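The next block holds one structure in the form of structure tokens; read it before the comments.
Read-outs throughout are calculated quantities, based only on the coordinates presented, and are distinct from any laboratory measurement. Note that this is a predicted model, so its numbers are computed, not measured. We place every Cβ from the backbone using ideal geometry, glycine too, and count neighbours over all the protein chains shown.
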Amino acid sequence: VTTDEFHRRHGESFRTNGYAKPPWHIYDQFVRAVHQPGAILEVSCGNGLLLRYVTELSGLPLEPYGLDINRDAIREARERTFPERAECFVHADLREGLPFARTFATILANPLYADPGYYEQVDGKIPRLHFDGSMERLIHTCWDALAPGGQLLLWCYDGHFAEIAPQIDDFRQMLNELNLGLTERPSGPVVFWESGEKGVKSQ
Ligand SMILES: C[S@@+](CC[C@H](N)C(=O)[O-])C[C@H]1O[C@@H](n2cnc3c(N)ncnc32)[C@H](O)[C@@H]1O
């Protein structure tokens, strides 16, 4: 499946996931970043559109799972984006742990969403992150839910990366102290922090 084919197949059948227009050029980076077949969890998946795109374009046999705090987004994921996997999309708050009693081959998470600073936006900007331990907790929760050989993919859109630029050293130090072998990799409109395979190249 190519990007054009995805659009031909689905036309306007999915909503835009909160964006004026879905950021397909960003979603393309996730298609390239995911390497493991099997269960893939997106923490804060919105309506699941990114997972749908990655699942169809990656060429890998993927079993998508998602959670989001927005009830309407999860309803949309269950009814429109993944009706065949409705039970795999759950309304939950990422700060309260994962609502799945299983492990995953890949987990995608934006750690900024766990920090209270993310919610203190002024003029659409993130003024400061609190580093109150909530990002660490989220990352540990995700790491614990990775199957052996699995990969954790943390990410941040370039706009947010620019916004946290004054605090980027603190952010990197926090990731460093976690000691999970997360490697920073800028990839066009998104920055990834990728782990090696759990139990193989890191930890
Ligand atoms: C900008 S959207 C990103 C949607 C999708 N991941 C994408 O990249 O297209 C951010 C999502 O994070 C979700 N979110 C924010 N805080 C959350 C929390 N505490 N628990 C779960 N989801 C949360 C929002 O409801 C929203 O759907």
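Some observations on this one:
- Sites His130 and Ala86, calculated FRET efficiency, Cβ-Cβ separation with R0 25 Å, nearest 0.05: 0.10
- When you restrict to C-alpha pairs under 8 Å that are six or more residues apart and normalise by the size of the chain, the relative contact order lands at 17 percent.
- Among 83-91, 34-42, 155-163, the peptide with the highest mean count of other Cβ atoms within 10 Å heads the list, and the full ranking is 34-42, 155-163, 83-91.
- Considering only Phe104, Ala114, Ile69, and ranking their Cα positions along the charge dipole of segment 46-124 that arises from unit charges at the beta-carbon of Lys, Arg, Asp and Glu, the one farthest toward the positive end is Phe104.
- As a calculated quantity, the FRET efficiency between Asp144 and His25 at R0 = 41 Å, using C-beta atoms, amounts to about 0.80.
- Around the Cα centre of segment 43-136, unit charges on the Cβ atoms of Lys, Arg, Asp and Glu (plus for the first two, minus for the last two) sum to a dipole of about 160 debye.
- Cβ-based charge dipole, the chain, positive-most Cα from His140, Pro127, Asn47: Asn47
- Tensor-based shape of segment 69-174 (alpha-carbon gyration tensor, a/c under 1.5 rounded, otherwise prolate or oblate): oblate
- Counting Lys and Arg as +1 and Asp and Glu as -1 over every other residue whose Cβ lies under 15 Å from the Cβ of Ala33, the net charge comes to -4.
- Separation of alpha-carbon centers, segment 1-21 and segment 28-47, rounded to whole Å: 16 Å
- Each residue, Glu5 and Leu60, gets one label point 7 Å from its Cα in the Cβ direction; the gap between the two is 1.9 nm.
- The peptide list 133-142, 14-23, put in order of mean Cβ contacts within 10 Å with the highest first, becomes 133-142, 14-23.
- Those residues of segment 44-73 whose amide nitrogen sits under 20 Å from the label point placed on Gln121, 7 Å along Cα→Cβ: 44-51, 67-73
- For segment 86-203, the dipole from Cβ point charges (+1 on Lys and Arg, -1 on Asp and Glu) about the Cα centre works out to 320 debye, to the nearest 20.
- The residues packed around Glu163, meaning those with a beta-carbon under 14 Å from its beta-carbon, carry a net charge of -3 if Lys and Arg are +1 and Asp and Glu are -1.
- Amide N of segment 105-136 lying under 11 Å from the label point, which is placed 7 angstrom from the Cα of Glu184 along Cα→Cβ: none
- Packing, as the average of other Cβ atoms within 10 Å across residues, places the peptides 93-101, 55-63 in the order 55-63, 93-101, highest first.
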